[in-house]
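Have a look at the structure below before the remarks.
The values are calculated or read from the model by the stated rules, or taken from the named source; none is laboratory data. These figures come from a predicted structure and were not determined experimentally. A quick note on method: Cβ atoms are made from the backbone with ideal geometry, for glycine too, and the neighbour counts reach across all protein chains shown. Heads up: the accessible areas ignore ligands, DNA and RNA and are worked out on the full protein's heavy atoms, side chains in. Shrake-Rupley method; radii C 1.70, N 1.55, O 1.52, S 1.80 Å.
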Amino acid sequence: MDLVGAVKAILAALKYYLPAYVANGAPVVFKGKTPIDGGRYFIDGRRLLGDGKTWEGLIAGILAGTSTAAILSLILGEANLLILGFVASTSALLGDIAGSFIKRRMGIERGKPAPILDQLDFFVATTVGLYLMGVDLSLDVVFGLALVTLGLHKTTNYLAYKLGLKEVPW
Ligand code: CTP
Ligand code: MG
């Protein structure tokens, strides 16, 4: 595949991934205060998930991602994008939660960086969700999108930090 072909293929796959990006970013804006783990600790003495994973963030993310999917579905006239966007959004947030679970087990505190995991937990889960829904994504496109996601994450987090939405630039 040439570069133009690769860029086109990645852009074409965005209709499946855009809701997940929105879902993953929404909790940063609509910060919650009810921790999903209910403040509970795991057998290793560390928090199950930590205060950074809240019910409000989860619900806001699913709603924002699914709304994005509804708009895309209308604009493109593809009814299936709504349900796919709901699955992608839910998968993204579950992936983010799984990422926090892994971080806590590694002894990394809430908000402290875990390179790659922080950026790609939601992306990997979204890809699995879309795959289970039967979306045909080539490995090249998924890999290309993963690279784009790594770059995008840095940029948007820095912007969120500058806007005062995040306390740290990662
Ligand atoms: N957030 C939320 N609920 C979620 C996910 C995120 O309220 N389900 C909010 C929290 O305010 C969180 C912020 O979005 O601090 C940024 O998310 P993220 O970077 O994933 O959380 P961290 O605070 O870095 O925590 P962790 O170390 O567990 O990733
Ligand atoms: Mg973080």
Between Leu11 and Leu165, what is the spin-label point distance in nm, taking each point 7 Å from the Cα along the Cα→C-beta axis?
2.5 nm
Length gained when the stretch Ala98-Leu152 is fully extended (0.36 nm per residue, less Cα-Cα span):
17.4 nm
With +1 on the Cβ of every Lys and Arg and -1 on the Cβ of every Asp and Glu, the dipole magnitude of the stretch 12-170 about its Cα centre, in debye rounded to the nearest 20, is 580 debye
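From the helices alone, meaning DSSP H stretches of at least four residues, give me the mean residue ellipticity at 222 nm for the chain, per-run term -39500 (n - 2.57), in deg cm²/dmol to the nearest 500. Spell out each step's value before the answer.
On the way: 5 runs with 115 residues, N = 170.
Result for the chain, helices only: -23500 deg cm²/dmol.
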Using modelled amide H (1.01 Å from N, peptide plane; none on Pro or chain starts), what sits under 5 Å from the amide H of Arg47, excluding residues fewer than 5 places away?
Phe42
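With a 1.4 Å probe and all protein chains left in place, how much accessible area per residue does the chain have, in Å²?
57 Å²
Taking all protein chains in place and a 1.4 Å probe, what share, in percent, of the accessible surface of the stretch 48-170 do carbon and sulfur account for?
On the way: 4780 of 6710 Å².
It is 71 percent, rounded to a whole number.
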From phi via Karplus (6.51, -1.76, 1.60), per-residue ³J(HN,Hα) for the stretch 127-144 in Hz, x at Gly/Pro:
4, 5, x, 5, 4, 5, 7, x, 6, 8, 10, 7, 4, 4, 5, 4, 5, x
Which value, in debye to the nearest 20, gives the size of the charge dipole of the stretch 80-170 about its Cα centre, when Lys and Arg are +1 and Asp and Glu are -1 at the Cβ?
400 debye
Treating cross-link reach as a plain straight distance, find the lysines whose alpha-carbon is under 20 Å from the alpha-carbon of Lys166, omitting any fewer than eight places away in the same chain.
Lys31, Lys33, Lys53, Lys103, Lys112, Lys154
